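*Asks:* What follows is a structure written as structure tokens; I'll ask about it next.
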Amino acid sequence: NKRKSVFTKIISSVGLDYKIVDSFRYSSNLGIDYNYYDESEYRNPDFGDGHTPTSELGNGLAIQSDFNYTTLNWSNFLHYDLKLNEDNVINLSAGSEATIKWTKYSQMGSKGFRSQHYEQNEVSWGINPAYTLGYRAQSHLIGYIGRVSYGFKDYFNIMGSFRRDGYSHFG
């Protein structure tokens, strides 16, 4: 029997922070999370889980699965820092965040492998296709955010926020 899984993950992000004028700035961040799974499994036809004498499709089983999903996240904010005096500071932020996720999955299996030919262990070597399945999906999330904080002499801070989200899976 043989089972092999390869997982590839790439995470990246880039950000920008731009001071428009004193106390007023813009920030943006773009992040990507890429994931890919490549998995193959072979159950030999002579014994164990692959040996199924009652199966009309034959003995042995090979499975190939591919699964990938990518998530993109982009946020944009405007920030305003209001210094009332040396002791009192108010920070205001407003922005939006968008997330998009793409998913793709496919899997196939075959049966009917030759006895004692264990090197012939790929899906294409099976005589009978056992099954195939797959799907694609895409989802979106968009959020609007407001934040305010008040600080006094670096002794304490009071903070509040509001967020409103819309998600494509909820009509």
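The values are calculated or read from the model by the stated rules, or taken from the named source; none is laboratory data. Keep in mind that this is a model prediction, so the values were computed, not measured. Here the Cβ positions follow ideal geometry from the backbone for every residue, glycine too, while neighbour counts run over all protein chains shown. Note: accessible area is taken over every heavy atom of the protein model, side chains too, but ligands, DNA and RNA are not part of it. Shrake-Rupley method; radii C 1.70, N 1.55, O 1.52, S 1.80 Å.
*Asks:* Could you tell me how many of the residues in the range 94-121 are at pLDDT 90 or above and of a type in the set (Asp, Glu)?
*Replies:* Total meeting the criteria: 1.
*Asks:* Would you confirm, using the coordinates I've provided, whether PHE24 is open to solvent by 50 Å² or more (accessible area, probe 1.4 Å), more than 23 Å from LYS2 (Cα to Cα) and in contact (Cβ under 8 Å) with a residue 40 or more places away in the chain?
*Replies:* Yes, satisfied.
*Asks:* Search the range 139-155 for residues being touching a residue at least 12 places away in the same chain (Cβ under 8 Å) and among the hydroxyl-bearing types (Ser, Thr, Tyr), and hand back the single one that is most open to solvent (accessible area, probe 1.4 Å).
*Replies:* Among those that are touching a residue at least 12 places away in the same chain (Cβ under 8 Å) and among the hydroxyl-bearing types (Ser, Thr, Tyr), it is TYR144.
*Asks:* If you check every pair at least six apart or on different chains, which have Cβ atoms under 6 Å apart with a residue in the range 43-59 that is over 17 Å from HIS117 (Cα atoms) first and a residue that is in a loop (DSSP other than H, G, I, E, B) and open to solvent by less than 70 Å² (accessible area, probe 1.4 Å) second?
*Replies:* LEU57/GLY112
*Asks:* Considering (1) open to solvent by 60 Å² or more (accessible area, probe 1.4 Å); (2) in a strand (DSSP E or B), say which one GLU86 fails and leave the rest.
*Replies:* Just one mismatch for GLU86, condition (2).
*Asks:* OK, next. Just one of (1) farther than 24 Å from SER28 by Cβ; (2) surrounded by fewer than 14 Cβ atoms within 10 Å (Cβ to Cβ) trips up LYS111, so point out which.
*Replies:* Looking at each condition in turn, LYS111 falls short on (2).
*Asks:* Among (1) out of contact with any His (no Cβ under 8 Å at 6 or more places or on another chain); (2) in contact (Cβ under 8 Å) with a residue 24 or more places away in the chain; (3) in a strand (DSSP E or B), where does ALA98 come up short?
*Replies:* For ALA98, the exception is condition (1).
*Asks:* Polar (S, T, N, Q), closer than 22 Å to TYR18 by Cα and exposed (fewer than 15 other Cβ atoms within 10 Å of the Cβ), is that true of SER96?
*Replies:* yes
*Asks:* Can you find, within the range 147-168, the residue that is nearest to the chain's Cα centre (by Cα) among those that are within 17 Å of SER93 (Cβ to Cβ) and of a type in the set (Phe, Trp, Tyr)?
*Replies:* PHE162
*Asks:* Residue by residue through the range 28-81, note down the ones that are more than 25 Å from SER139 (Cβ to Cβ), hydroxyl-bearing (Ser, Thr, Tyr) and in a strand (DSSP E or B).
*Replies:* SER40, TYR42, TYR80, listed by residue number.
*Asks:* Mind checking which residues of the range 115-138 are of a type in the set (Gly, Ala, Ser) and free of Cβ contacts under 8 Å to residues at least 24 places away in the same chain?
*Replies:* Selection gives SER124 alone.
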